[in-house]
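What follows is a set of notes on a single structure, which appears directly below.
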Amino acid sequence: MFAGAPSAGHPGADHGRARRRRARSLRELLTGWAFVGPASVIVLGLSIFPAGWSFLLGLQSWNGFTDPVFVGGANFAEIFSDPDFLGAVEHTALYTVLFVPMSVLAGLFLAVALNRRIRLIGFYRTAIFVPFVASAAATGILSTYLFDPQYGLVNNVLRSLGLPTPGWLQDQSQAMLVIALMSLWGQAAFTTVIYLAALQDVPGELIEAARLDGANRWQTFWRIIWPHLSPVTVFTVIWQTIQAIQLFDLVFTSTRGGPLGATTTIVYYVYQKAFRELQFGAGSAAALVLFALTLLITLGVVVYSRRRGMEAF
Amino acid sequence: MTSAGTRPAAAPHLGRATITVEGASTDRIATAPRRRRTRFSLWHLVLMPIALLFLIPFVQMFLAALSPAAELQRFPPPFVPSRIDFSGFVALFTQSDVLLWLLNTVIVSAAGIISHLVLCSLAGYGFARLRFAGRKVGILLIIATIMVPTQLLMVPTYILFANGFRIVNTLAAAIVPWLASAFGIFLMRQFFLSLPAELEEAGTIDGANRWQVFFRIVLPLAKPALATLAIFTLLGSWNDLVWPLIAINDSNAFTLQLGLSNFQGTRQTQWTLLMAGNVVATLPLILFFLAAQRHFVATMTFSGLRG
């Protein structure tokens, strides 16, 4: 801006100048906060304030009606001795282990496949990207239909091929796999787009040079392109892991945590504790464990990638 | 996500994200650097089956929604119905309040988009260009909130909505969380930082004040970023389930997603009705996606590279 410039060359007006400067900085302060104030109040009011409150709630026993009672770490002791919570942690870990590698590898593969000029490429890209707009509710209902053991398309195809027809979402050992597959259907677009953007940033000269040195496509990819993508890979692994351990919507709309609790995740546990059993304290404690887990995983991957010399963050 | 704004090392991501907002890198996605090939590419053999696999769930959804109900109860049900039948839609519209829920969702999304466009672009500009006390702390706090998972906020926000604002069981409970977002402010700030400051200085010299500069000079240039912001808000608010689920129990204030997820317990085997409901919830976004694919891809890229 043009601070101080206009008032130069007016000797003897020091007092007035100082007052004008004060008035201007007050006006700038008001203008600035008029621009940023409304959005800031909403965003901070709906995040910083509740986040701080949840730390307090985690230390209280409260059902929303009677007065809250301070219980210290009792909520944490309770959830960690609750087999349902430990099961939820286990199911969340299973989903994460299934979903994260699948979504990162699928994204990488699809990006490489889509990163070329061939006929129909627009159709391929649209087909792979369009499930991204499907909501969890729609995806959940759709998966219960597609994977219905009797009437579902998947088992109809398997049956006509003479293959065994599993119970899928109604089978304790398969339900989480189906949820991971349907998540992949909706989310593959995301990692694909990220990798596509990153592939465009690989310098063409490097690839040319490798070719001239006699490297084949396979070698060029793993020796030249893949190392270039590593910051993006670190990022997508972190991002998808954070998404995975927060799984809730799709479970709620497909299995409601069943069969026999086999797909209860940590967030599902939070939902049940807080909003079904009205144990706000225990629910908040479980949410805090999830938050700590998120920070630990992020920190772990960042430290690991620093050690390996990948400048991702 | 992670350390944006706290370490300069995050800069490459931010830089790239800014380019994306201008629409440049989506164009680059569309045009791969490889030379055009005339012979048949073997990649078709890979891509065609994958593309069809990704489309099949939607195809199944549309076909089932248009099937006669009895055919889906047959064993095994045909993939392609013998005739097109709208009884699923008729049942949906007559036996449920789906039109009301659709209206509710439209209200939530429209309010969210308008509010996002106004408030986040104002705040983004303020944080990018104006100099005032508290600016740096403000933007740091806002970026930090991107790290706080929604799940941590569920319980206290519910209590706040129930006991503080007293908006539980009203549509307002679904609207308020979508009025503004840290992501939206951050996106607009990155965009305004990428604009050359000379444009605005010219306006200031001509005697326009900050508001006139913003509305007359800056905002018209921000259309690509505003499109990204609108799509981000549309996707999030239209498909949101968690907030309505915990805060709304009254079926008059249901959103479409909440109504759909509620069907599941009550109409488990009415497949035509369920799939018709899915079509109503999904088709608007699919059409939108087909019409503005480039902007959707830009939105995805930016939300991925925001950290």
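So here's what we get for this one:
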| quantity | calculated |
| --- | --- |
| Residue among B:Leu72, B:Leu45, B:Leu52 that is in a helix (DSSP H, G or I), buried (at least 18 other Cβ atoms within 10 Å of the Cβ) and not acidic (Asp, Glu) | B:Leu72 |
| Scan of the stretch A:100-119 for residues that are outside any helix (DSSP H, G or I) and more than 7 Å from chain B (Cβ to nearest Cβ), ordered by number | A:Arg119 |
| Per-region count, the stretch A:135-176, residues in a loop (DSSP other than H, G, I, E, B) and open to solvent by less than 10 Å² (accessible area, probe 1.4 Å) | 2 |
| Helices (runs of 4 or more DSSP H) lying entirely in the stretch B:87-199 (those with 3 or more residues that are touching a Ser or Thr at 6+ places or on another chain (Cβ under 8 Å)) | B:87-95, B:98-115, B:135-145, B:150-159, B:182-194 |
| Unique residue being within 13 Å of chain A (Cβ to nearest Cβ), under 30 Å from A:Leu30 (Cβ atoms) and not in a loop (DSSP other than H, G, I, E, B) when the list is B:Gln257, B:Gln264, B:Gln212 | B:Gln212 |
| Any pair with Cβ under 7 angstrom, 6 or more apart, that starts in the stretch A:95-115 at a residue that is free of Cβ contacts under 8 Å to residues at least 24 places away in the same chain and closer than 19 Å to A:Pro131 by Cβ and ends at one that is in a helix (DSSP H, G or I) and open to solvent by 10 Å² or more (accessible area, probe 1.4 Å) | A:Ala113/B:Trp43; A:Ala113/B:Val46 |
| Matching residues, the stretch A:202-219, being part of a helix (DSSP H, G or I) and either aliphatic (A, V, I, L, M) or loosely packed, with under 13 Cβ neighbours inside 10 Å (or both) | A:Gly204, A:Glu205, A:Leu206, A:Ile207, A:Glu208, A:Ala209, A:Ala210, A:Leu212, A:Arg217, A:Trp218 |
| Selection count, the stretch B:282-295, where residues are touching a residue at least 24 places away in the same chain (Cβ under 8 Å) and more than 7 Å from chain A (Cβ to nearest Cβ) | 5 |
| Of residues in the stretch A:226-241 being buried (at least 19 other Cβ atoms within 10 Å of the Cβ) and of a type outside the set (Ser, Thr, Tyr), the one farthest from A:Leu296 (Cα to Cα) | A:Leu229 |
| Hits in the stretch B:85-112 (condition: closer than 30 Å to A:Thr31 by Cα and within 14 Å of another protein chain (Cβ to nearest Cβ)) | B:Val108, B:Ser109, B:Ala111, B:Gly112 |
| Sole residue being buried (at least 24 other Cβ atoms within 10 Å of the Cβ) and either facing chain A (nearest Cβ under 7 Å) or over 20 Å from B:Leu229 (Cα atoms) (or both), chosen from B:Ala133, B:Ala174, B:Ala182 | B:Ala182 |
| Those residues of the stretch B:185-198 which are within 14 Å of chain A (Cβ to nearest Cβ) and surrounded by fewer than 18 Cβ atoms within 10 Å (Cβ to Cβ), in sequence order | B:Ala197, B:Glu198 |
| So A:Ala244, is it under 26 Å from B:Leu47 (Cβ atoms), in the same structural domain as A:Tyr124 (by TED's automatic domain parsing) and open to solvent by less than 30 Å² (accessible area, probe 1.4 Å) | no |
| Residue selected from the stretch A:248-267 under the condition within 19 Å of A:Ala137 (Cβ to Cβ), open to solvent by less than 10 Å² (accessible area, probe 1.4 Å) and in a helix (DSSP H, G or I), by the criterion farthest from the other protein chains (Cβ to nearest Cβ) | A:Val251 |
| Residue list for the stretch B:138-159, filter: of a type outside the set (Val, Ile, Thr), open to solvent by less than 40 Å² (accessible area, probe 1.4 Å) and more than 7 Å from chain A (Cβ to nearest Cβ) | none |
| Unmet requirement for A:Asn115, which otherwise passes all of (1) under 20 Å from A:Ile225 (Cβ atoms); (2) open to solvent by 40 Å² or more (accessible area, probe 1.4 Å) | (2) |
| Set B:Thr269, B:Thr233, B:Thr301: member being more than 30 Å from B:Leu152 (Cα to Cα) and either open to solvent by 20 Å² or more (accessible area, probe 1.4 Å) or part of a helix (DSSP H, G or I) (or both) | B:Thr269 |
| Subset of the stretch B:210-230 that is surrounded by 15 or more Cβ atoms within 10 Å (Cβ to Cβ) and of a type outside the set (A, V, I, L, M, F, W, C) - its residue that is farthest from B:Arg294 (Cα to Cα) | B:Arg210 |
| One residue from A:Ala180, A:Ala188, A:Ala244, A:Ala175 being under 23 Å from A:Leu142 (Cα atoms), within 10 Å of chain B (Cβ to nearest Cβ) and touching a Phe, Trp or Tyr at 6+ places or on another chain (Cβ under 8 Å) | A:Ala188 |
| Filtered residues of the stretch B:249-263 (kept if free of Cβ contacts under 8 Å to residues at least 24 places away in the same chain and surrounded by fewer than 19 Cβ atoms within 10 Å (Cβ to Cβ)) | B:Asn262 |
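The values are calculated or read from the model by the stated rules, or taken from the named source; none is laboratory data. Just so we're clear, the structure is a prediction, and the values are computed from it rather than from any experiment. Heads up, the Cβs are rebuilt from the backbone with ideal geometry, glycines too, and the neighbour counts pull from every protein chain shown. Keep in mind that these areas ignore ligands, DNA and RNA; they rest on the heavy atoms of the full protein, side chains included. Shrake-Rupley method; radii C 1.70, N 1.55, O 1.52, S 1.80 Å.
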